[in-house]
Amino acid sequence: MKIHHIALRTTRRRALERFYGELLGLRTMRKTKRSTWLDAGGTVLMIERRARGEPAVPRGSLELVAFGVSEREHVKLRKKISVEAETEFTSYFRDPDGRRVALSHFRFRRDVR
């Protein structure tokens with residue numbers, strides 16, 4: 001099983017398109033009146049219009065979307081962002097909606113049971 005897509009709901013669609021597309025470098029795959037689809041390494045990241053009355057991202061939430069990058073990409077991208085916290089392998093920051101985002105070059109061992 002793998003992640004098919006992730007949908008981020010927002011009232012600031014253009015700001016999120018710039019953040020994920022221009023800043024992080026995700027390629028636009030499709031654009032409609034309601035959503036923009038970005039390629040996140042084979043998983044689709046959908047930026048969708050939030051409905052009236054739908055709650056915003058809770059301030060200070062620790063839920064996150066983490067992107068796997070090479071160590072070289074990590075060094076390059078972290079110069080473009082305002083880092084909120086870090087570990088040896090991962091940098092944490094916020095998107096324009098306040099959603100927690102991470103860049104990580106940690107490699108999971110696939111043979112762990």
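The values are calculated or read from the model by the stated rules, or taken from the named source; none is laboratory data. This one's a predicted model, so the numbers in the text were calculated from it and none came from an experiment. Ideal geometry is used to build each Cβ from the backbone, glycine not excepted, and the neighbour counts take in all protein chains shown.
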Among the residues of the stretch 1-27, write down those that are more than 26 Å from LYS79 (Cα to Cα), surrounded by fewer than 16 Cβ atoms within 10 Å (Cβ to Cβ) and of a type outside the set (A, V, I, L, M, F, W, C). LYS2, HIS4, HIS5, THR11
Inspect the stretch 10-23 for any residue being aromatic (Phe, Trp, Tyr), in contact (Cβ under 8 Å) with a residue 60 or more places away in the chain and either out of contact with any Gly (no Cβ under 6 Å at 6 or more places or on another chain) or within 19 Å of ILE81 (Cα to Cα) (or both) and give the result as yes or no. yes
In the list ARG59, ARG72, which residue meets the criterion of being at negative phi, exposed (fewer than 13 other Cβ atoms within 10 Å of the Cβ) and free of Cβ contacts under 8 Å to residues at least 12 places away in the same chain? ARG72
For the stretch 75-100, which positions are surrounded by 17 or more Cβ atoms within 10 Å (Cβ to Cβ), without any contact (Cβ under 8 Å) to a residue 60 or more places away in the chain and closer than 26 Å to GLU54 by Cα? TYR92, PHE93, ARG94, ARG100
Got at least one residue in the stretch 12-24 being at pLDDT 95 or above, over 15 Å from ARG94 (Cα atoms) and not in a helix (DSSP H, G or I)? no
Return the only residue of SER61, SER91 being over 18 Å from ILE3 (Cβ atoms) and in a strand (DSSP E or B). SER91
Is it the case that some residue within the stretch 28-35 is surrounded by 14 or more Cβ atoms within 10 Å (Cβ to Cβ) and within 11 Å of the chain's Cα centre (by Cα)? no
In the stretch 2-36, what residues are under 18 Å from ALA66 (Cβ atoms) and of a type in the set (Ser, Thr, Tyr)? TYR20
